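Following: one structure in structure tokens, then a few remarks.
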Amino acid sequence: MNKIIAIANQKGGVGKTTTAVNLSASLAATKRKVLLIDMDPQGNASTAAGILTEDPNTLYNHYFDTIPIEDCTYSSKDGYDIIPGGEELIALEVSIRNDNKQGFLLKSLEGISNKYDYTIIDTPPTLNQLTIEGLFCASGTLIPLQCEYYSLEGVTGLMTTIQTLSDKNMSSNRVIGIVRTMVDMRNNLAKEVSDELEKHFKNLVFNTLIPRNVKLAEAPSHGISGIKYMPNSYGAKAYLALAGEVIRKVEYA
Ligand SMILES: Nc1ncnc2c1ncn2[C@@H]1O[C@H](COP(=O)(O)OP(=O)(O)O)[C@@H](O)[C@H]1O
Ligand SMILES: [Mg+2]
């Protein structure tokens, strides 16, 4: 069965896209069939996936031009499929909101659910209708978090939204876990915040720490994941370990 996981945090620059891309690549490396959906108008995940097609179909074309979702799906060099994002998703956001079309994506994904083991959804850095649509579809959410002061700001709002959707029986989404990203343990503040997170969210914090690693930041310009770009780097190894934890939590829970 296709397990749909949203990667969300209203804060920008916390490692959502890096996590979405490298988790997709890591899961694909374990021979699982993976679909990554870029729901961010910035389209960073699409760049990182190395989409070569000029002006590819996005969810905009699926929604407005009724192009089948299969025709919005492209292959990445990392072995996962991707539905690209782009600026036109801003219009999609407006239409979902104005025309009450919440949930359209879930129906579309049901049609291709036997093709994939995992669908990873990269969301924009705001709690808009695109993010809500992603949360609505997902059976689990992963929250990347940088260990800084104020890093929890917004996370409570996100958790409340997920809980509300679930309370109203609108989705079965639950928080799978919090991933600490761009970690530098030489930084005392990062260590303090990281310890606090472990205390506060005990079972929700993933054991795997994603280190700050320049290879992860370089990989997107080559159109591949950090896993493929530099498999022996600390960053790549960390994301492979995270994928192992996700598999244990999702498949053996
Ligand atoms: N573990 C990491 N080590 C080094 N740089 C990282 C790491 N994670 C993300 N980055 C870089 O930080 C920036 C923001 O990350 P990104 O994944 O785009 O965040 P978001 O999607 O939440 O906005 C990007 O330039 C990215 O390459
Ligand atoms: Mg992003």
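What follows is calculated from the coordinates using simple rules that are stated; it is not laboratory data. What you are looking at is a predicted structure, and each value in this text was computed from that prediction instead of being measured. Glycine gets a Cβ as well: all are built from the backbone with ideal geometry, and neighbour counts include every protein chain shown.
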task: Please return the longest stretch of the chain lacking exposed loop sites, where trypsin sites (Lys or Arg not before Pro) count only if DSSP places them in a loop and at most 16 other Cβ atoms lie within 10 Å.
output: 187-253
Cα centroid separation - the stretch 92-164 against the stretch 175-253, whole Å: 20 Å
task: Take the Cα coordinates of the stretch 1-125, assign each an equal point scatterer, and use the Debye formula without solvent to give log10 I(q)/I(0) at q = 0.09, 0.10, 0.14, 0.17 Å⁻¹.
output: -0.22, -0.27, -0.55, -0.83
Ascending count of other beta-carbon atoms within 10 Å, so fewest first, for TYR234, TYR80, TYR116: TYR234, TYR116, TYR80
message: Using the Cα atoms of the chain, I'd like the radius of gyration and the largest Cα-Cα distance, Dmax, both in angstrom.
response: 17.0, 52
- line: The lysines whose Cα lies under 22 Å from the Cα of LYS168, excluding any fewer than 8 residues away in the same chain, are LYS3, LYS101, LYS107
task: State, to one decimal in nm, how far the label point of ILE67 lies from the label point of TYR150, with both points 7 Å from Cα in the Cβ direction.
output: 3.9 nm
- line: Any GluC sites (Glu not before Pro) in the stretch 70-160 that lie in a DSSP loop and have at most 13 other Cβ atoms within 10 Å would be GLU87, GLU153
